[in-house]
Amino acid sequence: MSFDDLGAAAREEYDERRIAYHSELVVVETSTVRQIIHQGRLLMMLNQREISARRSLIVDGPWASGKSTTIKLLGKVHEQKVRSHWPDHDRIPVVYITTPPKGSPRKLASEFAHFLGLPDKPRYNTTDIADAVCHVLTEARTDLVIVDEIHNLNLATSAGEDMSDHLKYFTEHMPATFVYAGINVERSGLFTGVRGKQISARSVLVHTGPFIFGDEWRSLVATLEAALRLYEHAPGTLTRNAKYLHQRTGGSISSLSQLIRTAALSAIVSGSEAVTRDLLDATVLDHAAETVAPHQRPASTSTG
């Protein structure tokens, strides 16, 4: 049965599935993604026999440069590998937390506890929570811990120093590789002072950023276009407009993904079933991208 032959209810249900699909679309494996996943896997192998001074990975870059998406993909790849090798083992291969803003050691420990579903009772002090977290993760054979928003940890402040000491406690009491991601961490104070130098000496730093216009950018656009599921979309429309898409997004993969996904959703809702240049022109991007590359959208028409 073709799309046109579907009844109203069946078409609505099918469109809802396509909307859910296009809201996520695909994670594009860029050269940066491959580098981060490769470095993460190398460090996990390197850390297998280490007792305390394990090496870490820090992913640094501006906003909307794909840091969080990439480290989550690293976690997904590792978890899938573990599950395929030991399908019957009750393990927690990967933990993901975010660094609490204006945080404290207790808030940091609570982030781990919340991920694991451990009770956080008022009478528990920071050490109680930390010890419980380390015990569970050691028993669960966790070997990858991902800490996002690490720029919230500023070693130029006393609160940041306390959180850093507590994070160091976790790294030394869990047999896991730690991966951090943050915005411009080299300027945020993460490498400040004695503690910062110790972090720097134990970490591999990988930078993310906007893409230049070239073959890899064209490949990114082509991959996203190939993933579209629209009935009237003319193949090659987006790749022919790769230069325009680079100008619109400033080379940001996050903004590119948002632009194409939003346009695809509009195409489904409107029934046009195609992402065209006019539709891209009419699609509003995130403020950061619009500020970097101001775009004159077509004037809307009104009646009455």
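The values are calculated or read from the model by the stated rules, or taken from the named source; none is laboratory data. Just so it is clear, the model here is predicted, and its values are computed rather than measured. Virtual Cβ from ideal backbone geometry, glycine too; neighbours counted across all protein chains shown. Just so you know, the surface numbers come from the protein's heavy atoms only, side chains and all, with ligands and any DNA or RNA stripped out. Shrake-Rupley method; radii C 1.70, N 1.55, O 1.52, S 1.80 Å.
Side notes on the structure shown:
- Cut-off under 5 Å, modelled amide H: who pairs with residue 58 long-range: 180, 204, 205, 206
- For the stretch 1-118, diffusion coefficient by Stokes-Einstein and Kirkwood Rh (Cα), 20 °C, 1.002 mPa s, µm²/s: 118 µm²/s
- Amide N proximity, the stretch 214-233 versus residue 29 label position 7 Å along Cα-to-Cβ, cut-off under 19 Å: 215-228
- The stretch 72-207, relative contact order [Cα under 8 Å, separation at least 6], %: 25 percent
- Per-pair calculated FRET efficiency, R0 = 51 Å: residue 127 and residue 247 via Cβ, rounded to 0.05: 0.45
- Once exposed loop GluC sites (Glu not before Pro) are cut out (DSSP; at most 12 other Cβ, 10 Å), longest piece of the chain: 51-231
- Solvent-accessible surface of the chain, taken per residue with a 1.4 Å probe and all protein chains present: 53 Å².
- Basic side chains Lys and Arg get +1 at the Cβ, acidic Asp and Glu get -1 at the Cβ, and with that the dipole of the chain about its Cα centre reaches some 880 debye.
- Under 29 Å of direct C-alpha separation, and excluding same-chain neighbours fewer than eight residues apart, residue 168 reaches these lysines: 67, 72, 76, 81, 102, 107, 121, 197.
- Basic side chains Lys and Arg get +1 at the Cβ, acidic Asp and Glu get -1 at the Cβ, and with that the dipole of the stretch 44-201 about its Cα centre reaches some 240 debye.
- Building the convex hull from the alpha-carbon atoms of the stretch 85-189 and averaging its projection over directions returns 7.0 nm².
- Label-point separation in nm, residue 79 to residue 48, each point 7 Å along Cα→Cβ: 2.3 nm
- Expressed as a whole percent, the accessible surface of the stretch 113-206 that belongs to carbon and sulfur atoms is 51, based on a 1.4 Å probe.
- As a length-normalised measure over Cα pairs under 8 Å and 6 or more apart, the relative contact order of the chain settles at 22 percent.
- Calculated percent of Cα pairs over 30 Å apart (choose from (i) 41; (ii) 25; (iii) 45), label: (iii)
- Per-residue SASA entry for residue 96, accessible area with 1.4 Å probe, Å² rounded to 10: 60 Å²
- Note on the stretch 105-155: semi-axes of the ellipsoid equivalent to its C-alpha gyration tensor, largest first and rounded to whole Å, are 18, 16, 9.
- Here r is the Cβ-Cβ distance between residue 8 and residue 213 and R0 is 51 Å; the resulting FRET efficiency, rounded to 0.05, is 0.70.
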